[in-house]
Amino acid sequence: MRSRRKAAGAVALALLLAAAAAAQTRRPLTEAERQPVTFTAGEVEYDENRDLVIARGGVEAWQGDRILRAQEVTFHRPTGRATARGEVVLMEPDGQVFFAEEAELTEDLRDGVIRELRALLAEGGRLAAAGAVRSGGRVTEMARAVYSTCEACRDNPERSPLWQIRADRVVHDEQEKTVEYFDATLQIAGIPVFYTPYFWHADPSAKRRSGFLFPDFGSSTFLGAFYRQPYYWVISPSEDLTLSPMVTTRKGGVLFGEWRRRFNSGFVVTSGSFTYDPDETRWRGNIVSTGRFSLDDTWRAGWDVRRSSDRDYIRRYRIGAFSNAGVLVSTPFIEGFGSNFYARADANFYQGLSTLDAARRIPMVLPRAYAEITGIQDPLGGLWRGDLGVFATTRQLGTDTRRVASRVNWMLPLRGSFGDLWTVEANLDLLGYQVGGDTSATPLPGGESGTIGRAHPQVALTWRWPLLRPGGSWGSQLIEPIVQVVAGPNVGLDRRIPNEDSIDLEFSDAYLFGFNRFPGRDRLDGGLRVNAGLRGAWYLPGVTIEGMFGQAWRAATDALYPAGSGLEGRRSDYVGRLTVIPSEHLALSYRTRLDRETFSTRLADASVTLSGFGRYLTVSYLTAPAQPEALQPTARRELGATLGGRIWGNWSGWVGARRDLAREAMVQSYAGLRYEDECFAFVATYLRRFTTTGTLGAGTDLIFTVVFKTVGEIGFSAL
């Protein structure tokens, strides 16, 4: 006997399924598995003789978040199994989707046999197999399977993807988040390139999974051939460890490691390496650690540690981003942020990596503290800011400096009757020094033993008159003369005060106006001086031209400024800048310093950038005079250029070089090539150094990286 019902009979079908499920003797079910299976269909047929329930016409069945769709579903009540046919789609709660021509499933849709399976996994992962057996609601075992993250070619869907993994058997465990391959072959564009009897990788939906990562290998002049095999260990949901032993043909073995841990209030990341060098018969290594912790809404604390066993280890063993570093800095700190204040206390420990660095002359800064308050307004409309800082530097050989520095600043902006703008400003620097150690051995200019105090008041009056003229289709023009008068006591060069923070003096248009042109406070501008400049701009639709030109005058000469700085003498060099942006595809920038007497160029920094259609060209030129006291012993004249951007399709690249025109020698050349699509990436990087700079010797680096997305990456280096 048969009976036929329309879609309204789906409720009766759901009751039948629930009764059948209740009649089964099963393991304890989860909350989601206890939910009944519900159907909707175009029509439902019940065959009483065979005890079959048949649903046809856009059948959709769901239990919790698991959904099954098919053209027809047949449910056999005695066995509790359902057979789905015709465009079968099974959607899992984690977002994975399985497609098949036919599937025989249990009544809870968790287990079964599938024919002609296709699966869409997380992160674009795709699986296809001739057939599959699903068990335990979590394990799918597939025969003659293929895995890839590459999308099918739109013009030729039958063409092999860029890469794919073919295997006789593939096991996908949704609970363990693994995909295992047996007798697997990696194919590139349909061509077999690598075979392995067994291979596995994490399910693309897994954020973290313990296991071996893809290796790095290559060769270098120092290490010889090398091979590094990382292993990633998930210790807990908030902690993991990566161990990467490396073997070399010339220097034995090296162990690299990285430990990461997240806490409720912050995180710690620590990496390092060590090895026993057979040639030098000693242990060598390094450590890099970063920690950040929020103490409350205002304060946080942390540290940065960068240390190496010796000067050459970082470079020769290519320790990440630090292989090109000239100095390693370790800093513990605590700092606070507020609406109008900032405070920080820290210490700096330096390790020089240059052959010019003498370890006994390198300072240790302990402690260093700074606090600043800004934005306090008085009844006159003036704005107050103040700060207080202390630091102490200690050297094994050289000057020991203890300094307390405070600055109080008051500024009152005013508006004139002709649209001109006035600023009245007062500034007071208070400094106290205690100097000891061997001042004759310090590499810094100045320094004598003793206790020194300094009070340096200054006042400034700044006038500017921005004249703006609208020009309609010709845009608008701006002319703004600026004059600043600064008065204060003459300071001169006090040799008793060591120069710890004001060595790198760079006089340009950016430092034309202000109380102090030095970057720190160990050297302060003084005396009566006038700073004047003229700023102009022309704003057209899609075009910007902007520039400034100026000079400074002093009432008296001052030996404070080193030769070549542009500030020696009563008149400074001329400084200026020009920026021209004629379109969104072209930008020109020029900054210069001209000799006060001959108008010859002493400093020039120019760059031109042409961009468009995903490509760019940048050309730069720099010339600067020698400033021995500013640690620039020779003049610089350098030309550089970089061309890069999209080449074609998914290919991009860059090529560039720098040349020292003063010595008529190349400094470095570099190039790179990159391919990236939805499933694959390839990067090749080339760097050639022609001169020795700091810790870096002349040499060539060639690095290849191949990325199979969701599976892993392989790196090769020739150093």
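The values are calculated or read from the model by the stated rules, or taken from the named source; none is laboratory data. None of these values were measured; they are calculated from a predicted model. Note that each Cβ is placed from the backbone with ideal geometry, even for glycine, and that neighbours are counted across all protein chains shown. The accessibility values were calculated without ligands, DNA or RNA, using every heavy atom of the protein model including side chains. Shrake-Rupley method; radii C 1.70, N 1.55, O 1.52, S 1.80 Å.
Computed values, structure above
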quantity	calculated
Flag if Arg602 is open to solvent by 40 Å² or more (accessible area, probe 1.4 Å), in contact with an Asp or Glu (Cβ under 7 Å, 6 or more places away or on another chain) and modelled with pLDDT of 95 or more	no
Residue that is farthest from Ile314 (Cα to Cα) [pool: residues in the range 238-254 that are surrounded by 14 or more Cβ atoms within 10 Å (Cβ to Cβ) and within 25 Å of the chain's Cα centre (by Cα)]	Glu239
Residue pairs meeting the criteria (Cβ under 7 Å; at least 6 apart or on separate chains; first more than 23 Å from Pro541 (Cβ to Cβ) and without any contact (Cβ under 8 Å) to a residue 60 or more places away in the chain, in the range 571-593; second part of a loop (DSSP other than H, G, I, E, B) and open to solvent by less than 60 Å² (accessible area, probe 1.4 Å))	Arg571/Arg596; Tyr574/Arg596
Residue satisfying all of: in the range 515-574; of a type in the set (Ser, Thr, Tyr) and over 40 Å from the mean Cα position of the chain (by Cα); least open to solvent (accessible area, probe 1.4 Å) among these	Ser572
Residue selected from the range 673-692 under the condition touching a residue at least 24 places away in the same chain (Cβ under 8 Å), of a type outside the set (A, V, I, L, M) and in a strand (DSSP E or B), by the criterion nearest to Thr705 (Cα to Cα)	Phe682
Any hit, the range 476-487, residues being polar (S, T, N, Q), in a loop (DSSP other than H, G, I, E, B), surrounded by 18 or more Cβ atoms within 10 Å (Cβ to Cβ) and without any contact (Cβ under 8 Å) to a residue 60 or more places away in the chain	no
Scan of the range 102-113 for residues that are modelled with pLDDT under 85 and in a strand (DSSP E or B), ordered by number	Ala103, Glu104, Leu105, Thr106, Gly112
Scan of the range 478-525 for residues that are of a type in the set (S, T, N, Q) and at pLDDT 95 or above, ordered by number	Gln484
So Glu158, is it farther than 21 Å from Phe680 by Cβ and open to solvent by 40 Å² or more (accessible area, probe 1.4 Å)	no
Failed criterion for Ala662 (all others in (1) under 25 Å from the mean Cα position of the chain (by Cα); (2) modelled with pLDDT under 95; (3) under 25 Å from Gly326 (Cα atoms) hold)	(1)
From the options Ile287, Ile235, Ile314, residue that is open to solvent by 40 Å² or more (accessible area, probe 1.4 Å), among the aliphatic types (A, V, I, L, M) and farther than 24 Å from Arg209 by Cβ	Ile287
Test: residue in the range 406-413 that is closer than 22 Å to Asp346 by Cβ and modelled with pLDDT of 95 or more	yes
Pairs with Cβ under 9 Å, 6+ apart, first in the range 514-535 and of a type in the set (Val, Ile, Thr), second part of a loop (DSSP other than H, G, I, E, B) and at pLDDT 90 or above	Val530/Ala555
Residue that is least open to solvent (accessible area, probe 1.4 Å) [pool: residues in the range 199-232 that are out of contact with any helix residue (DSSP H, G or I) (no Cβ under 9 Å at 6 or more places or on another chain), among the polar types (S, T, N, Q) and within 30 Å of Arg166 (Cβ to Cβ)]	Ser210
Among the residues listed as Thr83, Thr106, Thr74, Thr79, the single one being free of Cβ contacts under 8 Å to residues at least 12 places away in the same chain and open to solvent by 10 Å² or more (accessible area, probe 1.4 Å)	Thr79
Residues of the range 119-132 satisfying the condition of being crowded, with 16+ Cβ neighbours inside 10 Å and in contact with a strand residue (DSSP E or B) (Cβ under 6 Å, 6 or more places away or on another chain)	Ala119, Arg126, Leu127, Ala128, Ala129, Gly131, Ala132
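Residue by residue, here is whether (1) open to solvent by 60 Å² or more (accessible area, probe 1.4 Å); (2) out of contact with any Phe, Trp or Tyr (no Cβ under 6 Å at 6 or more places or on another chain) holds:
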{"position": "Val390", "(1), (2)": "no, yes"}
{"position": "Thr394", "(1), (2)": "no, yes"}
{"position": "Gly419", "(1), (2)": "no, yes"}
{"position": "Ala426", "(1), (2)": "no, no"}
{"position": "Leu431", "(1), (2)": "no, yes"}
{"position": "Gln434", "(1), (2)": "yes, yes"}
